[in-house]
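See structure below.
The values are calculated or read from the model by the stated rules, or taken from the named source; none is laboratory data. Bear in mind the structure is a predicted one, so any value in this text is a computation, not a measurement. Methodologically, a virtual Cβ is constructed for each residue, glycine included, from the backbone with ideal geometry; neighbour enumeration extends over all protein chains shown.
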Amino acid sequence: MTSETSATTRSEPPKVDPDYPLTPVPRHARRGMASLMVVLLGFTFFTPTMFAGAEIGAALAFGDLVGVIVIGSVLLGLYVGGIAVIGARTGLTTVLLSRYTLGRVGAKWADLLLGGTQVGWYAVTVGFLAVIVSAAFGWETATPAIIVIGSVLMGITAYYGYRGMELLSAISVPLMTILLLWVLVRALGDAGGVSGLVQLEGSGAIAWATGITIVVGTFASGGTQVANWSRFAATTRHAIVTAGAAFLLANGLMLGFGAIGGLVYGEPDFSEVLISQGLIVWGVILLLLNYWTTNDNAAYAFGVAGAELFNVGSKKPFIVGGVAIATVLALTGIYEALQTYLVLLGVFIPPLGGVIIGDHVFVWRKHRLPDFATAHIPAVRWSCLAAYVLGVAVGYTTNELGLGIPPLQGIVAAAVAVPVFEALLRTVGVDQRPTAAAEPEESA
């Protein structure tokens with residue numbers, strides 16, 4: 001090889017992952033509102049959300065059920081909207097935002113927490129798919145094989161990134177809307193109309209506060225990672241509108257339709273609700289598409305989390321590894337513990353988003369974030385880490401005692417604690433805010 005050829009080879013720019021897992025999304029790669037809307041709706045049109053709705057629907061009276069879903073969905077929508085705006089303004093994923101907030105090493109906790117929970121959701125979703133297919137067609141002995149095949153197929157679109165998710169969601173969202181309306185109309189008919197529905201009483205097995213925690217928990221992990229997609233938004237308005245439509249309205253409708261089915265049939269297992277309505281073949285087809293659109297988003301999320309965790313410029317190897325782990329978890333039956341899993345998500349994840357929001361609102365509101373590529377970021381920002389721990393403690397304690405709305409209290413406690421702990425550190429001469437790289441001195 002000649003020296004000229006060698007120099008040319010060295011000067012070639014490195015290949016860039018078109019999903020920018022370790023850098024801000026540049027302006028030329030931003031997408032329109034319709035594109036972002038389709039992807040986020042495909043994410044939140046999530047059938048296990050209907051399973052969660054069926055669980056609280058079977059346990060609460062109609063009036064309490066409506067209150068729980070409305071309050072929980074509003075909280076989730078406001079929380080996710082805040083993170084979506086930050087993602088659109090910075091062009092960064094949630095785990096990259098965590099570098100500013102928790103520090104270079106502290107952000108690894110966000111990688112493990114957010115990436116790990118999305119691996120768990122992937123496993124739960126694959127498990128539910130296998131249960132519904134095997135129950136509908138009497139293939140109980142084939143459940144493990146369905147889990148493996150379904151898991152592999154669902155990982156394929158995430159492997160190809162944003163464009164693959166956009167195309168699949170464009171097909172799935174209209175079809176899932178049909179299934180939602182189908183379930184609602186059949187359930188109302190069997191309940192004797194709206195008047196009959198209002199008179200139904202649940203089992204009372206779930207407390208009101210726990211019901212709200214479950215509602216927030218359905219997308220506490222996914223919502224906290226909304227910046228992964230809102231960073232592609234052309235404007236902050238696009239981010240707000242699409243996040244609100246997806247996480248407040250669409251997720252609320254998914255919960256509501258699932259809850260009505262659970263309340264009418266007294267059945268917390270949504271697969272049994274579908275079977276009770278005779279929605280077997282078409283129901284399975286529509287659910288398969290729905291599971292697929294949600295799981296490719298989940299795989300995308302743990303892919304970018306893995307890329308940040310190991311500082312690798314491609315998400316693809318982590319998508320493959322995460323799908324493999326999720327398949328094993330699904331085979332163990334993790335989906336059978338959905339309610340407990342949702343409560344834990346509603347306690348441990350919202351404070352992370354609260355810290356990110358608090359950091360940007362109270363610390364960076366009047367200051368420009370230093371450039372991501374050159375910023376000096378401490379290993380651990382102790383003020384924000386302490387605020388996160390406080391938020392988790394508040395959420396966990398209030399959930400155990402049944403006081404108020406635990407996810408909201410965890411978010412608020414974490415967000416408000418950020419400036420307080422920042423001020424305390426500065427009183428002892430410690431300022432850990434990331435700073436811009438020093439300008440190089442001019443040579444004499």
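Answer yes or no: is there a residue in the stretch 336-343 that is closer than 17 Å to L92 by Cβ and assigned to a helix (DSSP H, G or I). Within the stretch 336-343, none of the residues are closer than 17 Å to L92 by Cβ and assigned to a helix (DSSP H, G or I). Return yes when E441 is charged (D, E, K, R), out of contact with any Asp or Glu (no Cβ under 6 Å at 6 or more places or on another chain) and either crowded, with 21+ Cβ neighbours inside 10 Å or at pLDDT 90 or above (or both) and no when it is not. Spelling it out, it is not the case that E441 is charged (D, E, K, R), out of contact with any Asp or Glu (no Cβ under 6 Å at 6 or more places or on another chain) and either crowded, with 21+ Cβ neighbours inside 10 Å or at pLDDT 90 or above (or both).
What are the residues in the stretch 251-275 that are surrounded by fewer than 24 Cβ atoms within 10 Å (Cβ to Cβ), at pLDDT below 70 and part of a helix (DSSP H, G or I), if any? Passing the criteria: S271, E272, I275. The residues of the stretch 167-181 that are surrounded by fewer than 18 Cβ atoms within 10 Å (Cβ to Cβ) and not hydrophobic (A, V, I, L, M, F, W, C), listed by number, are P174, T177.
Residues in the stretch 340-389 that are of a type in the set (S, T, Y) and free of Cβ contacts under 8 Å to residues at least 40 places away in the same chain: T340 alone. The residues listed here are L92, L97; of these, the one that is at negative phi, buried (at least 23 other Cβ atoms within 10 Å of the Cβ) and assigned to a loop (DSSP other than H, G, I, E, B) is L92. Contact map, the stretch 205-234: residues that are more than 27 Å from G303 (Cβ to Cβ) paired with residues that are in a strand (DSSP E or B), Cβ distance under 8 Å, separation 6+ or inter-chain. No pairs are found. Residue pairs whose Cβ atoms lie under 8 Å apart, separated by 6 or more positions or on different chains, with the first residue in the stretch 407-419 and more than 17 Å from L344 (Cβ to Cβ) and the second acidic (D, E) and part of a helix (DSSP H, G or I), are V418/D359.
So which residues in the stretch 13-39 are modelled with pLDDT of 75 or more and of a type in the set (K, R)? Correct list: R27, R30, R31.
Every residue, every condition in (1) of a type in the set (A, V, I, L, M, F, W, C); (2) out of contact with any Gly (no Cβ under 8 Å at 6 or more places or on another chain), yes or no:
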| residue | (1), (2) |
| --- | --- |
| L309 | yes, no |
| K316 | no, no |
| G322 | no, no |
| V328 | yes, yes |
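Taken across the stretch 2-12, residues that are at pLDDT 85 or above and exposed (fewer than 12 other Cβ atoms within 10 Å of the Cβ) do not occur at all.
Residues considered: D371, D359. Of these, the only one that is outside any helix (DSSP H, G or I) and closer than 30 Å to V430 by Cβ is D371.
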